[in-house]
1. Kindly check whether there is at least one residue in segment 96-119 that is buried (at least 18 other Cβ atoms within 10 Å of the Cβ), away from the ligand (no atom under 16 Å from the Cβ) and closer than 29 Å to residue 182 by Cβ.
2. Of all residues being surrounded by 15 or more Cβ atoms within 10 Å (Cβ to Cβ) and hydrophobic (A, V, I, L, M, F, W, C) in segment 27-39, which is nearest to the ligand (Cβ to nearest atom)? Just the residue, please.
3. Can you name the number of the only condition in (1) in a strand (DSSP E or B); (2) in contact (Cβ under 8 Å) with a residue 24 or more places away in the chain that residue 151 fails?
4. Going through 17, 12, 62 one at a time, which residue ends up being surrounded by 19 or more Cβ atoms within 10 Å (Cβ to Cβ), within 15 Å of the ligand (Cβ to nearest atom) and either among the basic types (Lys, Arg) or at pLDDT 95 or above (or both)?
5. Just a yes or no: is a residue in segment 180-188 touching a residue at least 60 places away in the same chain (Cβ under 8 Å) and among the small types (Gly, Ala, Ser)?
6. What is the one condition in (1) within 16 Å of the ligand (Cβ to nearest atom); (2) in contact with a helix residue (DSSP H, G or I) (Cβ under 6 Å, 6 or more places away or on another chain); (3) under 20 Å from residue 34 (Cα atoms) that residue 79 does not satisfy?
7. In segment 40-52, what residues are surrounded by fewer than 17 Cβ atoms within 10 Å (Cβ to Cβ) and either closer than 17 Å to residue 96 by Cα or within 15 Å of the ligand (Cβ to nearest atom) (or both)?
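The values are calculated or read from the model by the stated rules, or taken from the named source; none is laboratory data. Because the structure is a prediction, the values reported are computed rather than measured. Neighbour counts are summed over all protein chains in view; Cβ atoms, including those assigned to glycine, are modelled from backbone coordinates with ideal geometry.
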Amino acid sequence: MILPVLAFGHPALRKVAVDIDKDYPGLEQFIADMFETMYSSNGVGLAAPQVNRSIRLFVIDATPYAEDFPGETDLKRVFINARIVEEKGEEWAFNEGCLSIPQIREDVIRKSELRIQYYDEHFVYHDEEIKGVFARVIQHEYDHLDGILFVDHINPLRKMMLKRKLTEISKGLVKTDYKMIFPLARKKAAL
Ligand code: NI
């Protein structure tokens, strides 16, 4: 089932999400829905808070960009209860976008390598070092679990310039080809 994606300004995007255990009700279906929603909106990653579930789960499928990930074999993954325990390497700029913030892309500076501990969809534990663009996608999705959005990382002046656009997104004054929930959308008058 395709789930609606919350748009910028929705308070659920700002919550700190909580860990789950393997008995979390409907986990398998939820993961399937997450992938279906992500594919239908042409995203490479989606975090549970974006579909109004405040749990520490995100999915990634970076297969369309496989050539950017030399050496990475498994580009479709589920991350549950993830913890980034270390970020290192050089800082670099990458042009990020977000399904919750349609039609805005900005260069964001982050470190190039990370170490992450997480459970996969079978609740098998992993402890991995990841770098490059794949690390970047993880950093972006991981931020969602802590209520952080990529526009929080850009400089204040640039963010001020985006303010009007961000407000328009909250109001639903933006065109997307996927279903969204806009926190400031004007309700149609009830007659
Ligand atoms: Ni995002």
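1. There is no residue in segment 96-119 that is buried (at least 18 other Cβ atoms within 10 Å of the Cβ), away from the ligand (no atom under 16 Å from the Cβ) and closer than 29 Å to residue 182 by Cβ.
2. Out of the qualifying residues, it is 38.
3. It fails just one condition, (1).
4. Details: 12 fails: surrounded by 19 or more Cβ atoms within 10 Å (Cβ to Cβ); 62 fails: either among the basic types (Lys, Arg) or at pLDDT 95 or above (or both).
Residue meeting the stated conditions: 17.
5. First, pick out the residues of segment 180-188 that are touching a residue at least 60 places away in the same chain (Cβ under 8 Å): 180-184.
Those left that are additionally among the small types (Gly, Ala, Ser): none.
Among the residues of segment 180-188, not one is touching a residue at least 60 places away in the same chain (Cβ under 8 Å) and among the small types (Gly, Ala, Ser), which makes the answer no.
6. (2)
7. Step one: of segment 40-52, the residues surrounded by fewer than 17 Cβ atoms within 10 Å (Cβ to Cβ) are 40, 42, 52.
Across segment 40-52, the qualifying residues are 42, 52.
Per-residue answers, yes or no, for (1) within 20 Å of residue 119 (Cβ to Cβ); (2) touching a helix residue (DSSP H, G or I) at 6+ places or on another chain (Cβ under 8 Å); (3) in a strand (DSSP E or B); (4) touching a residue at least 60 places away in the same chain (Cβ under 8 Å):
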site	(1), (2), (3), (4)
60	yes, yes, yes, yes
74	yes, no, no, no
83	yes, no, yes, no
89	no, no, yes, no
96	no, yes, yes, no
104	no, yes, yes, yes
